[in-house]
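Reviewing the structure listed below.
No value in this document is a laboratory result; all are computed from the given coordinates. Bear in mind that the values here come from a model prediction, so they are computed numbers and not experimental data.
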Amino acid sequence: MEFWKVSIIAIMAIYYCTQVNFVAGLECYVCSNQTGNVEKCLNTIKTCEPGEDVCGTEIRWGSQPYFSQGALKQYYVSKRCMTKQRCQAQRKRHMPYCTHIWYEDWSCHECCQGDRCNYFVISGSSKLDGAINSVIGIVFVTVLAGLRKAIVSY
């Protein structure tokens, strides 16, 4: 074989090798119904199956296995690999129940993309919503203090 033919074949082989993506699967933290974002939820990592392109996190607040009066409430955390479509459907399904009201049972679902992106449980309001809630809380406490003062002096 002539030198120029070997050179062309070598250049084509190098070109094709650089065009192939050698991608390892997405890695997510995984756990199921753990009492908080601790231990297993922070130490167990799974390489996701092909097609699972996001990490999903579900956080629930309530009593288990069913509500009973006086039962202690606590957080329950689950993390897993998911498809983006399934994760978004779960998030949409949980949205009406994602209230963060301490005396009610609630649940929220988060989706993220990127290796081990679900290390932290991030579920809550935006910074603006948090500021608004803080102002409302301060006004509420001030009004209550004023009412108490007015009742005591009456």
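3J(HN,Hα) along segment 35-52, derived from phi through the Karplus expression 6.51 cos²θ - 1.76 cosθ + 1.60 where θ = phi - 60°, amounts to 7, x, 8, 9, 6, 4, 5, 10, 10, 9, 10, 10, 7, 5, 6, x, x, 7 Hz, with x in place of Gly and Pro. Put simply, the amide H of Thr99, placed in the peptide plane, has neighbours under 5 Å in Ser107, leaving out anything fewer than 5 places away on its chain.
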